[in-house]
Every structure is written in C-alpha cells, then in structure tokens.
Amino acid sequence: QKEYLHINKINDTRLMAYLLDPNSSREIDIGGEEIQEELTLSHVVDRYLGDAYPFRITDIYDNPTAETLSEFLALDAGLIFKLANTLPSLMSADLKKLYRDLELPLIPVLDNMRRVGIGFDGARCAELIAETERKMAVLAAEITGGKPVNLGSNEEVIQFLAEQGITLTVPPAYLKKPKALRKALEQISQGHPLVQKILGFWDLGQDLGFLRKWSGHTRIHPVWGQTRSATSRVYARSPAVQNISRKLRSLFVPAAGHVLIKADYSQAQMRILAHLSKDPELMRIFNDPNGDVHTETSNWLGLNDRNVAKEINFAICFGMGPAALCRKINELRAEQNSGDLIYEQTARSYIGGFYERFPKVKGFFDQEWEKLKSLPPQERVVKSLMGRERRFPQRASSEMERQFRVTWPQQIEADLMKTAMVRLDRIFRRRNMKARIVMMIHDALWVEAPHEEENE
C-alpha cells in the first residue's frame, strides 16, 4: 500500500501520442477480421518520426532467441527515446499542462486501483449462472420455435432472419466485422420483436460469460487505462466492469470490515450543457438547490417517469436519434417489466419537446457544428475547458455530427472525473487513510473504506 510510482521523470510516449490525437485510440479494420490499433509503437513511429518499423510480432515466434529479443528491445528503446524528444514539441502549452498536471499523475492512481481491486461476491455467481442459463433457454425456444439455430453464429442468425422475411440491407462483408451485426440489428429492432429478442439473448450471453469467468473470485483486479476513448474517459478491461449490466453490479461488495461509498456528480453532462449553451431555463433548474432536470423533463413531457426522462436528456447529450432513443426507452421499460412501450414517432416528439423547452441547447450545437464544418479539415477541433483536443478531419456526415456532439460534454466530464480522482487519492494519502478508490463508472467514484473511516 505504501509503494507508489514516482512519475516526475517519466515521459510516457503512448500517452503523449494519445493526447495529440485521441482518435488514434480506436482500432481500425484493415481488411476482413484483421484489426490494427493506431497507438502501437510501429504506428506512432511511422506517424511522428516518419520511420517504417522493421519488425513484425511473428518474427519473435519464427526465431525465439535471446539475440532476437535483444534486437527488438534495443530498437524499441531507441525509438521511444526519439519519440520522447519529438512529441512534446508538437504539443500545445495547454496539452503539455494537461499531460503534466492531470494525465501523468493519474497513472499511479489507476495502477493502484488495479492492485487494490474490488471485492466480488463470486459465491453468488453459481446461482446467477443457473438463472441466466434458464432465461436463455426459454428465450432461445421463443426465438427459434425449436429449430436447430446457433444464435451465437452470425451466419446462422442472418440466414434464420432471412427465412423469417427479415433481410439486412448492409454488405455481407460488413457483417463479419466485430459487433457489426449487432449494430445492424439494433437499427431495425423497433419494427421487429424477433430481433429485439435476439439482442436480449445476446445480452444475457454477455452476462453469462462474465459470471462463468469470475465465479468463485472474491476480488477482481481490472486493468484501468486512459488511452482508449476518443472522448478521454477512463476505461476498464480484463474485465470491462463498467460495461456489465446494472443488475450484476450488486456482485461488487466491500471487503470485510469495510463499506463501499459511491459518489457521483449530479446530472454532470446536463450541467456541462447548461454551462456551454447558457440556456436560461436549464441554468434556472441547476441554480435551484432542489432542481432536478430529469424530473423537470418528465413533468414537461407528461411522462411521470424520471428514468425515461433521463434517457431523453442523455439522448440530447449523445446526439441520439429517434430510433436509438426509442430502443433505449423500451429496453428500460422491459427491465421494469412495463408493457408500456413506445414507437419511434413518440421518441421523435420527445426530442422535439426537449429542444422546445431548452432552445439554446439546440442553438449551441447547431452554431458550433456549422462553425466546425466551415473550417479546413485540419483545423476542425473541439477543445475542452482544460485544453483537451479532439480533431474532426473526416468528411462531414451524420455520424461525425453525433461524435462532435458527444465530445463536448464527455471531454469536460472526463477532465472533471480525472481531476477528482487525482485530488481524492492525494487527500487519502496525505491523511494516512486506508480508504482507496476501487471503481469509477463515467461520473461516479466508488471508494472502499474501513468502518472507522466511513464518516470522514
């Protein structure tokens, strides 16, 4: 617990390359199933040094000797040294400050979260595995009517849907890409209850995979990182604990003699939107100590359902279209066992109602989008309040506009969360407390603290 990584003399070239272009965090499809990540050393060296990286990973397997490994490591060390001298010269003063004051100090915080881990009720997994398997069996029978269809095979699902008169209008090669079939099915799910059931079956399958892998564990140690999201959010992998379904979050438990304290920013992205747009009605709500924008939206649209109103508000933040919003609301109501589902036209009216209530939000996005499109591609950039940058050099499209809208609140939210994590960790250490951050989910921090520290 007392060991701590000293970062003052570290130059993290991957992190600097990421800050220069957060879009390079994505993985790109370079043909069929082959995926290339754009932040590998070979990619960064090619982009910023203009050098072609001479080795392939298979070279080590072809000739697994100490001499081969030494040659690899010596070359890598030299290239990383060159990058450490080159990349800072490409960074603006704001990016250098962001790197030095926030992103670099965050590294040991995230590493400590990995080492400490989070308590897990692995004993309860067996019960949930059996329950999930039963649900999947029932759902599979409803979907296939007893026909021998492997719902885990893209090809068989596509063929089965075609037999039911449901054809997909996307190229077959596209559907071979990871997650592509799911995306295609989500786009048509509202008009096809059968497709909705297949998506539900896959969701249960993801839960089942998680439960089986971690059954029996009493503590999980996710790897936390900061270079995989184009909007700069912190992410978890191995396992991706932020992405498991809400109903499984109850499996995360405090260690004996400890409590889990979960603190979040209230309606963070909507507050950021109020700050950016200066919409008077939105600011009025947040300046009221008892104001709640989700309740206000619910009342305005006559929904009598704060959770549905919350989805509508987030649809605005994320640039979600009527079809996607309709799907989200119906998923939420299905979880609540409510049969009161909506159609796409209703979702469209909800979005229109929001903009009618908060017109300056739409005005802000429209104005900034037109301003961005008018710039030369190399100058299209969205900057957070702390100087974080995301560039939009691609051809203007509806997908680019959605990414553009998402970037505004999420970049600022990421800055807020990372700042909170660094400061909170420092406070715990300065006071010699045993409390530690063990999880973060978007705008919420989970702290595990011994009983004697919980009030503090």
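Based on this model, can you work out whether Glu401 counts as of a type in the set (D, E, K, R) and over 27 Å from Asn243 (Cα atoms)? No: the conditions fail for Glu401. With respect to Leu79, is the statement that it is in contact (Cβ under 8 Å) with a residue 60 or more places away in the chain, surrounded by 15 or more Cβ atoms within 10 Å (Cβ to Cβ), touching a helix residue (DSSP H, G or I) at 6+ places or on another chain (Cβ under 8 Å) and in a helix (DSSP H, G or I) true? Taking the combined requirement at face value, the residue does not satisfy it.
Pairs needed: first member in region 191-219, open to solvent by less than 40 Å² (accessible area, probe 1.4 Å); second member anywhere, of a type in the set (Asp, Glu); C-beta distance under 8 Å; at least 6 residues apart or different chains. The qualifying pairs are Leu199/Glu186; Leu208/Glu133.
Within region 124-174, the set of residues being closer than 20 Å to Gln190 by Cα and of a type in the set (A, V, I, L, M, F, W, C) comprises Leu139, Ala140, Ile143, Leu151, Val157, Ile158, Phe160, Leu161, Ala162, Ile166, Leu168, Val170.
This table checks each residue for (1) of a type outside the set (Asp, Glu); (2) in a helix (DSSP H, G or I); (3) without any contact (Cβ under 8 Å) to a residue 40 or more places away in the chain; (4) more than 27 Å from Phe252 (Cβ to Cβ).
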| residue | (1), (2), (3), (4) |
| --- | --- |
| Asp94 | no, yes, no, yes |
| Lys97 | yes, yes, no, yes |
| Arg100 | yes, yes, yes, yes |
| Arg114 | yes, yes, no, no |
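Looking across region 155-189, the residues that are open to solvent by 50 Å² or more (accessible area, probe 1.4 Å) and among the polar types (S, T, N, Q) come down to Gln159, Gln164, Thr167, Thr169, Gln187. For region 376-407, filtered to residues that are in a loop (DSSP other than H, G, I, E, B) and among the basic types (Lys, Arg), the residue that is nearest to Asp366 (Cα to Cα) is Arg380.
Filtered by the rule that a residue be assigned to a helix (DSSP H, G or I) and crowded, with 19+ Cβ neighbours inside 10 Å, region 344-369 gives Ala347, Tyr350, Phe354, Lys360, Val361, Phe365.
Among the residues making up region 249-276, those that are part of a helix (DSSP H, G or I) and either closer than 22 Å to Glu448 by Cβ or hydroxyl-bearing (Ser, Thr, Tyr) (or both) are Arg249, Ser250, Leu251. The selection criterion, being in contact (Cβ under 8 Å) with a residue 24 or more places away in the chain and at positive phi, holds for Gly387. The residue that is nearest to the chain's Cα centre (by Cα), counting only those in region 370-429 that are among the small types (Gly, Ala, Ser) and open to solvent by less than 70 Å² (accessible area, probe 1.4 Å), is Ala414.
Taken over region 260-277, the criterion of being crowded, with 17+ Cβ neighbours inside 10 Å and more than 26 Å from Asn287 (Cβ to Cβ) is satisfied by Leu260 alone.
For region 163-191, which residues satisfy the criterion of being at pLDDT below 80 and outside any helix (DSSP H, G or I)? Scanning region 163-191 gives Thr169, Val170, Pro171, Pro172, Ala173, Lys177, Pro178, Lys179. For region 296-308, the count of residues that are open to solvent by 80 Å² or more (accessible area, probe 1.4 Å), within 28 Å of Gln187 (Cα to Cα) and in contact with a Pro (Cβ under 8 Å, 6 or more places away or on another chain) is zero. Has region 131-140 got at least one residue that is farther than 20 Å from Val195 by Cβ and open to solvent by 70 Å² or more (accessible area, probe 1.4 Å)? Among the residues of region 131-140, at least one is farther than 20 Å from Val195 by Cβ and open to solvent by 70 Å² or more (accessible area, probe 1.4 Å), which makes the answer yes.
The values are calculated or read from the model by the stated rules, or taken from the named source; none is laboratory data. Keep in mind that this is a model prediction, so the values were computed, not measured. In this analysis, Cβ positions are derived from the backbone assuming ideal geometry, glycine residues included, and neighbour counts consider all displayed protein chains. Quick note on the areas: whole protein, heavy atoms, side chains included, nothing else; ligands and nucleic acids left out. Shrake-Rupley method; radii C 1.70, N 1.55, O 1.52, S 1.80 Å.
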